[in-house]
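Here's the structure we're looking at; comments come further down.
The values are calculated or read from the model by the stated rules, or taken from the named source; none is laboratory data. In this text the structure is predicted, and so the values were computed from the model without any measurement. Quick reminder, even Gly has a Cβ in these numbers, built from the backbone with ideal geometry, and neighbours come from all protein chains shown. Side chains are part of the model used for accessible areas, which takes the heavy atoms of the whole protein and leaves out ligands, DNA and RNA. Shrake-Rupley method; radii C 1.70, N 1.55, O 1.52, S 1.80 Å.
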Amino acid sequence: MNHIVTRKSNSDQSGRPFNTSMIEAVWRKGQAVPGYDQNVYRKDFCGAWMKRDEHGSISSQYGWEIDHIRPISKGGSDDLSNLQPLHWKNNRHKGDDYPNWSCAVNSA
């Protein structure tokens, strides 16, 4: 019998929340912006603003999640090289689209 695990957004391939050290490592992959504290603000791949302490918040205009660049459903892994910070709206818009997807938010 084949069991399919339904994962929540912003979770590892087992459906568990990412640990603190992985969240920090992925945050550092965001684009630092000159003139802004990179420990507080960064931009995602699409250019949308993210705020470090808004990780996992979908009610914030600066909320962000950890995205699997190559989705788990398409053979991706939890390796840091396959993870990126994405504004939560961009992550939800991307879903399992790979490799061709478009950004939902370019600047929040």
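Miscellaneous remarks
- Yes/no for Asp78 being out of contact with any Leu (no Cβ under 7 Å at 6 or more places or on another chain), assigned to a helix (DSSP H, G or I), closer than 20 Å to Met22 by Cα and open to solvent by 20 Å² or more (accessible area, probe 1.4 Å): no
- Residues satisfying the stated conditions in the range 25-44, i.e. in a loop (DSSP other than H, G, I, E, B) and not basic (Lys, Arg): Gly30, Ala32, Val33, Pro34, Gly35, Tyr36, Asp37, Gln38, Asn39, Val40, Asp44
- Qualifying residue in the range 83-104 (condition: open to solvent by 60 Å² or more (accessible area, probe 1.4 Å), at pLDDT 95 or above, in a loop (DSSP other than H, G, I, E, B) and not aromatic (Phe, Trp, Tyr)): no
- Only residues that are under 21 Å from Ala104 (Cα atoms) and not in a loop (DSSP other than H, G, I, E, B) were counted in the range 6-24, giving 1.
- Candidate set: the range 1-41, residues that are among the hydroxyl-bearing types (Ser, Thr, Tyr), open to solvent by less than 100 Å² (accessible area, probe 1.4 Å) and out of contact with any helix residue (DSSP H, G or I) (no Cβ under 9 Å at 6 or more places or on another chain); chosen: the one modelled with the highest pLDDT: Ser21
- Residues located in the range 42-69, provided they are open to solvent by 50 Å² or more (accessible area, probe 1.4 Å) and either over 15 Å from Val26 (Cβ atoms) or small (Gly, Ala, Ser) (or both): Ile58, Ser59, Gln61, Tyr62
- Restricting Gln13, Gln31, Gln61, Gln38 to those that are over 12 Å from the mean Cα position of the chain (by Cα), more than 22 Å from Cys103 (Cβ to Cβ) and of a type outside the set (Val, Ile, Thr) reduces the list to Gln13.
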